[in-house]
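All remarks here apply to the structure that follows.
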Amino acid sequence: MRNEPRPDVDAPEGWSAALLQQAAVALARLRAEYPGLGFVADPVAGVWFAVDGRDFLLQARTGIKLRERLLAAQVRGARRGQAR
C-alpha cells in the first residue's frame, strides 16, 4: 500500500530513523483524512504541501501545522468536484 511508512529509508545526518518514521506516519494520516488532496513532504527540509489541482495549495513546516492550516481553511476530505 502506498500510504504505509517505509522503515527501510536511510535517515539523513542529524535525523534518526524514528523521526523519519513519525513523518511517514503523519503523511499517511493526512492522506487518509484528506483523500481528495495530494500531499508532498520533505520533513528534513521542513516543507509540507497540500495540493488540489491548480487552484489550491497550502504549505507548512510540519505535518501537524499543515493539518492545522487545512482545518483553519475548512477543507474537508472531499474528492475533487465536491465541496472543500
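Readers should treat all values here as calculations from the given coordinates under stated rules, not as data from a laboratory. On a predicted model such as this, the values are computed, not experimentally measured, just so you know. Neighbour counts are summed over all protein chains in view; Cβ atoms, including those assigned to glycine, are modelled from backbone coordinates with ideal geometry.
Can you work out the FRET efficiency for the pair Arg69 and Ala45, with r the C-beta to C-beta distance and R0 = 22 Å, to the nearest 0.05?
Details: r = 18 Å, r/R0 = 0.80.
Computed FRET efficiency for Arg69 and Ala45 comes out at 0.80.
Near the amide H of Val47, under 5 Å away, which other amide H atoms are found, from residues 5 or more places off or on another chain, if H is placed in the peptide plane?
Correct list: Asp42.
Can you sort Val25, Val75 so the residue with the fewest Cβ neighbours within 10 Å comes first?
Arranged by neighbour count, lowest to highest, Val25, Val75 become Val25, Val75.
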